[in-house]
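Take a look at the structure below.
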Amino acid sequence: MTEQTVTKPTLATASPSALASDHGVTTIADTVVSKIAGIAAKDVSGVHALGGGAARAVGALRERIPGSRINHSQGVSVEVGERQAAVDIEFIAEYGVAIADLASAVRRNVIASVERMTGLEVTEVNLEISDVHLPDEDDDTQPQSEPRTVRVQ
C-alpha cells in the first residue's frame, strides 16, 4: 500500500474571491446588497418608483414620520451567498418608456453596481414591472371629486 498525502485547500483556494483570503473572510449582509440594488435601479431613467402598491403605501407612511429615513431597498429582495447574489426588483415604469430597454438598463446598472461595490457575482436580476406611471398622475394626492351634497341631515 502506498501512502497518499491529502492536502487541505486553504481558504483562498477554496473560495477564490476578493471577500475571502488567508487573512479572513468578509461577509456582506442582505440589506447592504438590497440597498445598493435599489439605489442602482432608481438611478435608471424611466423607473418611477420601486415596489408595488402596498409597499409604496407603507413607504409613504413611513416617510411622513419625523426622523424616519427613505427605504432604498423597498421593492427589492436579495439572496446573498458567499460569492454570489441574486436580486429581485419590483418597480413602476414611466409611461412611454420601452419596457424591454428599461429592463435591460436596470439589469445592467444593478449588476455593475453590486459587483463593483461588493465583489459578489450577480447571478440573476429578476424584474417585475407592476404598473406604469402616467404623467398626469399625482402620487401624493387622490383625485379630487366634486363636492357631494349632503342627503341626510
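The values are calculated or read from the model by the stated rules, or taken from the named source; none is laboratory data. Values in this document were obtained by computation on a predicted structure and should not be read as measured data. Note: ideal-geometry Cβ built from the backbone for every residue, glycine included; neighbour counts use all protein chains shown.
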Return the residue satisfying two criteria in turn: it lies in the stretch 22-52 and is assigned to a helix (DSSP H, G or I) and among the charged types (D, E, K, R), and of such residues it is nearest to residue 73 (Cα to Cα).
35
Scan the stretch 79-102 and give yes if some residue there is among the hydrophobic types (A, V, I, L, M, F, W, C), touching a helix residue (DSSP H, G or I) at 6+ places or on another chain (Cβ under 7 Å), outside any strand (DSSP E or B) and surrounded by 14 or more Cβ atoms within 10 Å (Cβ to Cβ), otherwise no.
no
Pick from the stretch 114-128 the residues that are touching a strand residue (DSSP E or B) at 6+ places or on another chain (Cβ under 9 Å) and in a helix (DSSP H, G or I): which of them is nearest to residue 26 (Cα to Cα)?
118
Quick one: which of 56, 148, 108 is surrounded by 13 or more Cβ atoms within 10 Å (Cβ to Cβ), out of contact with any His (no Cβ under 9 Å at 6 or more places or on another chain) and modelled with pLDDT under 95?
56
